[in-house]
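Input: a single structure, listed below in structure tokens.
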Amino acid sequence: PLTAFVSLTCHVRDLNPPFVLWHRCGFVYTCAMDIRPKQTRRRLPEWLKRRIPAKGESEAVNALLDELGLSTVCRGARCPNQSECFARGTATFLILGDVCTRNCRFCAIPTEAPAPPRADEPDAVAEAAAQMNLNYVVVTSVTRDDLPDGGADHFAQTIRAIRNRLPGTKIEVLTPDFQGDESAIATVLDARPDVFNHNIETIARLYPTVRPQAGYQQSLNVIAFAKRYACEHDLAVLTKSGLMVGVGERDDDVLSTMRDLREQDCDILTIGQYLAPTTSHVTVERFVTPAVFDDWETAARGMGFRAAACGPFVRSSYNADGTFNAAGEKIPST
């Protein structure tokens, strides 16, 4: 492969051929040209075909987000559930910008040198949640390895802003790994979210291919520390994690990962089908049948997860309020 040191300001997935980035802090990237032929899109099985809801409410959600200058992971990551969620008046807020300092090969969010965090973003998220009359809010972010705390204080500010505006609303955060920094994780937890979510994403064997800038054990450690810290400081926080399937794992790999998560006292599990955003991303190796997802959900309950959502269209933030309720918690009515 051809390698070079360059300064990039474009969306690398717009290049042909595509580049794989190894990003560290700053503007200099090491690039390796991927000379493999592009994959062709596989035909979706019947269980992955669905109707797109009529616009209406989704147009109102888009307009509000644009008015407040907010991003959502629904749009940024090209989630297949976006139309449904927007039509229901729900969204997962994406903070700390809409470009990432990492280049996970399954993710549609572009990799670039990010701008400084937007100071008024926490209040803007709270305003959007209030206007949407949400009783359950999910907040996630891009990975910000360029920031000393990985953006943890910005998460905490956002949680507090929502609490001040909507005292009874439940809040779930879906965080990056903060490079394993326990003080950053503690900063988020001290703001008292109701759910602390960090996704394991895939099985250990596939990390070098799918998440080369992350670590399987490090993600397990994030979940373990979050639960331990919450218990030691009497914080009523559930821990949650999720993985996608269809990227080359075997069924026994999935069960092994589920057991690893339970050993960290993870409370809630989600498993969903991976769908490649473009032909430049990780190839879809298989489409898991609904029956297999059902088996995993049954197995999760047997392992002691308080709640599990497993299915072709399940995403970490999709129907998060329903999963929270299934864990035995209660969301106040609005």
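Just to be sure I understand the filter: pairs with C-beta atoms under 6 Å, separated by 6 or more residues or on different chains, first member in region 210-225 and touching a residue at least 12 places away in the same chain (Cβ under 8 Å), second member open to solvent by less than 30 Å² (accessible area, probe 1.4 Å) and of a type in the set (Ser, Thr, Tyr). Which pairs pass?
Cβ pairs passing all conditions: Val210/Thr202; Tyr216/Tyr207; Ile223/Thr239; Ile223/Ser241.
Considering each residue of region 214-224, count those that are out of contact with any Gly (no Cβ under 8 Å at 6 or more places or on another chain) and buried (at least 18 other Cβ atoms within 10 Å of the Cβ), and give that number.
5
How many residues does region 133-143 contain that are assigned to a loop (DSSP other than H, G, I, E, B) and surrounded by 23 or more Cβ atoms within 10 Å (Cβ to Cβ)?
Adding up the residues that qualify gives 2.
May I ask you to list the residues in region 264-283 that are modelled with pLDDT under 95, among the polar types (S, T, N, Q) and open to solvent by 10 Å² or more (accessible area, probe 1.4 Å)?
Result: Thr278, Thr279, Ser280, Thr283.
Do any residues in region 316-334 that are over 13 Å from Lys240 (Cα atoms) have Cβ atoms under 9 Å from those of residues that are part of a helix (DSSP H, G or I) and at pLDDT 85 or above, where the two are at least six apart or on different chains, and which pairs are they?
From residues that are over 13 Å from Lys240 (Cα atoms), the pairs are Lys330/Phe324; Ile331/Asp321; Ile331/Phe324; Ile331/Asn325.
Scan region 109-125 and give yes if some residue there is at pLDDT below 90, assigned to a loop (DSSP other than H, G, I, E, B) and in contact with a helix residue (DSSP H, G or I) (Cβ under 7 Å, 6 or more places away or on another chain), otherwise no.
yes
Output yes when any residue across region 226-234 is buried (at least 23 other Cβ atoms within 10 Å of the Cβ) and more than 15 Å from Arg105 (Cα to Cα), and no when none is.
yes
Inspect region 304-317 for any residue being of a type in the set (S, T, N, Q) and open to solvent by 50 Å² or more (accessible area, probe 1.4 Å) and give the result as yes or no.
Scanning region 304-317, I find no residue that is of a type in the set (S, T, N, Q) and open to solvent by 50 Å² or more (accessible area, probe 1.4 Å), so the answer is no.
Could you tell me which residue of region 245-263 is surrounded by the fewest Cβ atoms within 10 Å (Cβ to Cβ), considering only residues that are touching a strand residue (DSSP E or B) at 6+ places or on another chain (Cβ under 7 Å), of a type in the set (A, V, I, L, M) and part of a helix (DSSP H, G or I)?
Val254
Kindly evaluate Glu201 against the criterion of being at pLDDT below 95, open to solvent by less than 50 Å² (accessible area, probe 1.4 Å) and either on the phi > 0 side of the Ramachandran plot or not aromatic (Phe, Trp, Tyr) (or both).
It is true that Glu201 is at pLDDT below 95, open to solvent by less than 50 Å² (accessible area, probe 1.4 Å) and either on the phi > 0 side of the Ramachandran plot or not aromatic (Phe, Trp, Tyr) (or both).
Answer yes if at least one residue in region 145-168 is touching a Leu at 6+ places or on another chain (Cβ under 6 Å), over 11 Å from Phe93 (Cα atoms) and at pLDDT below 95, and no otherwise.
No, the conditions are met nowhere in region 145-168.
Tally up the residues in region 197-231 that are in a helix (DSSP H, G or I) and not charged (D, E, K, R), please.
Of the residues in that region, 20 qualify.
Does any residue in region 150-163 that is on the phi > 0 side of the Ramachandran plot and outside any helix (DSSP H, G or I) come within less than 6 Å, Cβ to Cβ, of a residue that is at pLDDT 95 or above and of a type in the set (A, V, I, L, M, F, W, C) six or more places away or on a different chain, and which pairs are these?
Qualifying pairs under 6 Å: Gly150/Phe178; Gly150/Ala184.
Among the listed residues Ala126, Ala113, Ala130, identify the single one that is on the phi < 0 side of the Ramachandran plot and open to solvent by less than 10 Å² (accessible area, probe 1.4 Å).
Among Ala126, Ala113, Ala130, only Ala126 is on the phi < 0 side of the Ramachandran plot and open to solvent by less than 10 Å² (accessible area, probe 1.4 Å).
Which condition number does Thr298 fail, the rest of (1) modelled with pLDDT under 95; (2) in a helix (DSSP H, G or I); (3) surrounded by fewer than 15 Cβ atoms within 10 Å (Cβ to Cβ) being met?
(1)
The values are calculated or read from the model by the stated rules, or taken from the named source; none is laboratory data. As the structure is a prediction and not an experimental result, all values here were calculated from the model. Using ideal geometry, Cβ is built from the backbone for each residue, glycine included, and neighbour counts are taken over all protein chains shown. Accessible surface is based on the protein model in full, side chains and every heavy atom, while ligands, DNA and RNA are left aside. Shrake-Rupley method; radii C 1.70, N 1.55, O 1.52, S 1.80 Å.
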